[in-house]
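Reading through the structure tokens given below for one structure.
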Amino acid sequence: MPTGCARAAELRALGLGALLVFAGCAPGESPATAEATRDPFVRIVGTAQDGGFPHAACEHRACRDAREGVTPRRLVASLAIVLPASRRVFLIDVTPDVREQLDLLRDVRSLPDDRVDRSPVDGIFLTHAHIGHYTGLAFLGFEAVHTRRLPVWATARMGDFLANHGPWSQLVDLGNIELNTVVPDESVDLGDGVTVTAFPVPHRDELSDTVAYVIAGPRRKLLFVPDTDKWSTWEPSLLDRLDGIDVALLDGSFFSARELPGRSVEEIGHPLIGTTMDLLQERVASGALEAVFIHLNHSNPALVAGSAERRQLESRGFTVAHEGRELEL
Ligand SMILES: [Zn+2]
Ligand SMILES: [Zn+2]
Ligand SMILES: [Zn+2]
């Protein structure tokens, strides 16, 4: 029976890092210390569309079940890039659920004693200015964590939006965050053999443009596309973008047009899961690609384990992301 940190490492391997507080692991001997040589990995810390699950103010059956604990709640879509060798953590997107998401990363961070951690992550990459993807920045400000020059990477347009509109401009003015410009197709080197590279994605771009990120590690490459218009609008095509990608975390907002009565398929500004599976079936079946759906809307029946839609998706070799899942880089 594993004890102490061995037990903690086991919990973490199971994606249950948030339970480490119960694992009897002293602060100085967290499992990250024991596993300092582990390769970098991505931990999924959120999987829902911007409105969350249960969705804000929604009383439909699946949301009620999640609210009442019948089915698991989910957090808004976000990834953590964990670099165990240097004990650093980066987020892709910072959501309204960021408080809980930092709790899911306690086992891989260096925690301070008895006070607020002013640098709970080492940097943040943003995809775009819709509420699920950046408004967690508010917790970095004076009223909450009060970070000091935390690096935030965003496109030039997204950075301009943040720097010139309150309340975000206050984060820049007070030095809570330091904006770095993400240039499409130019890699940002995080060290430990990991790079992050953005490319533009078509999406409703009211306040900012939108990007997807490729996260490349020593052994594998991941693509993260939480929000996009239909694949038919992509140039280069999705299949071209997937060349060399091992795992794709893709916009799974809607399973089919049926879940949005009264709206035509053309009106839905996202690829449907059924369409995406048809497009990628061959590559997934051949084992060349692992495809994982993320950013699921509360209406999506594939959110619920055991639903007919989830079973259909899994029988075709695809999966739905869940909080705590880890993907080696
Ligand atoms: Zn979104
Ligand atoms: Zn709902
Ligand atoms: Zn969006």
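Some notes on this structure:
- Counting only Cβ charges, +1 for Lys and Arg and -1 for Asp and Glu, the dipole size of region 63-184 around its Cα centre is about 140 debye.
- Its Cα gyration tensor gives region 36-322 an equivalent ellipsoid; the semi-axes, largest first and in whole Å, are 29, 22, 20.
- By DSSP, the beta bridges lying fully in region 119-196 are antiparallel in about 30 percent of cases.
- Counted charge near residue 198, where neighbours are those whose Cβ lies closer than 11 Å (Asp, Glu -1; Lys, Arg +1): -3
- Counting 0.36 nm for each residue step from residue 183 to residue 207 and taking away their Cα separation leaves a gain of 6.9 nm.
- Near residue 154, once Lys and Arg are set to +1 and Asp and Glu to -1 for all other residues with Cβ below 12 Å from its Cβ, the sum equals -3.
- Given charges at beta-carbon only (K, R positive; D, E negative), |dipole| of the chain in Debye: 760
- In the chain, taking the dipole from charged Cβ atoms about the Cα centre, the farthest positive-side position among 102, 215, 270 is held by 102.
- Extending 7 Å from Cα along the Cβ direction at residue 266 and again at residue 149 yields two label points whose distance is 5.3 nm.
- Reported value for region 171-262: 152 Å³ per residue, from the convex hull of its C-alpha atoms.
- Formal net charge of residues neighbouring residue 70 (Cβ-Cβ distance under 13 Å; K, R +1; D, E -1): +2
Values quoted throughout were computed directly from the atomic coordinates according to the rules given, and no laboratory measurement underlies them. Small disclaimer: the values here were computed from a predicted structure and weren't measured. In this analysis, Cβ positions are derived from the backbone assuming ideal geometry, glycine residues included, and neighbour counts consider all displayed protein chains.
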